[in-house]
Structures are given as C-alpha cells and as structure tokens.
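These notes concern the structure reproduced below.
The values are calculated or read from the model by the stated rules, or taken from the named source; none is laboratory data. This is a predicted model, so every value here is computed, not measured. Reconstructed Cβ throughout: ideal geometry from the backbone, glycine too, with neighbour counts over all protein chains shown. Keep in mind that these areas ignore ligands, DNA and RNA; they rest on the heavy atoms of the full protein, side chains included. Shrake-Rupley method; radii C 1.70, N 1.55, O 1.52, S 1.80 Å.
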Amino acid sequence: YRGLSAMEEKDADYFFGRRRETVQVLMALAEAPDKLPVLLGNSGVGKSSIAQAGVLAALKRQGWPEGPGTKPEWPNVFRESRRWCFLTLKPGTEPLKALVDAFLDTWRLGSTDPERLNQQTGWIELLRDGKAMLRDLLDASERRYKELDRTEPPAFLLYVDQGEELYVRAEERQRRRFSEVIAQGVPDPRLYALMSMRSDFLGELQKDEPLYKVHLQINVPPLREAELREVVSQPPELLLASFETDGLVGVGF
C-alpha cells in the first residue's frame, strides 16, 4: 500500500481501482492522437498514478490493465508501444527547459558534459524565440539516435505531470511558448502526449487558448466504495493472503 504517494510504473502490479480511467486515456491516445488528454481531478486523487502505473505501464507491456469485463483488441497504433521513447517532465519555473531536458536525457549527454549545456541553452532559445518547434526537437532526437547507432523509437510519449505548475510557477513568457509548442506538436504522428492537472486550475486551462484547443478532458473523481475495496483487497491476494472476513476490508477506508 503506497498511501498518498504516487504509484509508478514499477508499482503497476499493485495498482487497482482505476481501470476505467486508464482505459479511457489509452482509448483517447489511440483514437484521437491529435489531442492532448488531460487528467483532471483534485489534489491527491491519483492522477499521476493513473498516468504512470496505469497508462505508461500498459503501453510498456502492450496490454490492457487487468480487470473484469471483455477487453477490446489492443489498438494497432500501439503495436510497438513497448519500444516507444517515454519522456516525463514537470513544468516547474522553466517549462521550456524541462521540455528540452526531457529529450536531452535520451541523447546520452552527461550532466557535466559541456555539449549538453550548449544544446540545452541553444534549444531553449530557439523554442522561446519561435525559431524552432517540437517537430524540430523530434527531428534532432532521431538524428541523435542515428549518431549513437541506436534504433529509432517508433514514437515518443510525453507525459506532463503537475500541469498546474504552468500557471503558478512558470515564467510567463516560457509558459506561453510552452503551451504553443505542445499544442502545435501534438498533431505530429511521432508524438503522443498526456497531461495531469488539478481540477481547481480548469479555469486557467480554459484561458490558455493553445492548450485548451487541443485538450481532451478526462475526469478523475475520488475513488468510490467498490474501487476502494479493490485497492484494499487485491494487493494481498497477489501475495496469497486474504482477509478473515469481507467486513475487514472496509476497515481500510
């Protein structure tokens, strides 16, 4: 049991109660690749867990989350999803820097390598000044893979965690450009994108014209009793343990 700590991909086997939202995001990525699914919910409701232990984990193992009911066929557009390049960032105070760093982390440039600093500074300036867009960063990443004699990923998935930081922490000019860069980059067939955001920032998202135009809202309500029972009862079953009575499950919430 992780409590209020966000679950990560490594915790996927113990992630329960959010199959519906996980499938909803996966279907959105498959059927509307030119949109930005935004997980919207209260603080602590489990948005990051859905993204990481749910969506990213499912894509990496190429399979729907476990649960009752008939599973649809795995989307053809995800047929090579385990080979995708997965990038995660939090906007922080400099969202363009966070975006560039997410890509540079895959370029095998050490943190103390002067070339990394040159690339970082150059790309931030290009993106900030409108001289480059996300497609250019994708192009450069593909060229870097060739330089390293590595197999190019079939696609990139960019997960923006804690998207509300754009409106409370980010420098204004970078925030505007970040929104434009992401919005214009989403239609690129090489890119899939996902964001999570606190629901009390919906108004700020609505005012953010570029992101709002491409966003696809996915609501994340609090866990209901049936889902909470899953969260409490299912992990012990994986370890061949059980509660003495069903009534004891309710003690957990």
**OP:** Output the residues belonging to the stretch 35-64 that are farther than 25 Å from Pro187 by Cα and either touching a Gly at 6+ places or on another chain (Cβ under 6 Å) or among the β-branched types (Val, Ile, Thr) (or both).
**Re:** Val45
Subject >> Selection within the stretch 102-129 - surrounded by fewer than 17 Cβ atoms within 10 Å (Cβ to Cβ) and among the charged types (D, E, K, R) >> reply: Asp105, Arg108, Asp113, Glu115, Glu125, Asp129
Subject >> Residues of the stretch 130-149 satisfying the condition of being part of a loop (DSSP other than H, G, I, E, B) and open to solvent by less than 70 Å² (accessible area, probe 1.4 Å) >> reply: Gly130, Ala132, Met133, Leu148
Original post:
How many residues, within the stretch 126-136, are without any contact (Cβ under 8 Å) to a residue 40 or more places away in the chain and under 25 Å from the mean Cα position of the chain (by Cα)?
Top reply: 3
Original post:
Since Gly17 meets every condition but one in (1) open to solvent by less than 30 Å² (accessible area, probe 1.4 Å); (2) modelled with pLDDT under 90; (3) outside any loop (DSSP other than H, G, I, E, B), which condition does it not meet?
Top reply: (3)
Original post:
Is it the case that the stretch 157-174 has a residue that's more than 20 Å from Glu94 (Cα to Cα), charged (D, E, K, R) and touching a residue at least 12 places away in the same chain (Cβ under 8 Å)?
Top reply: no
**OP:** Report those helices (runs of 4 or more DSSP H) wholly inside the stretch 153-253 carrying at least 3 residues which are modelled with pLDDT under 95, among the hydroxyl-bearing types (Ser, Thr, Tyr) and open to solvent by less than 50 Å² (accessible area, probe 1.4 Å).
**Re:** none
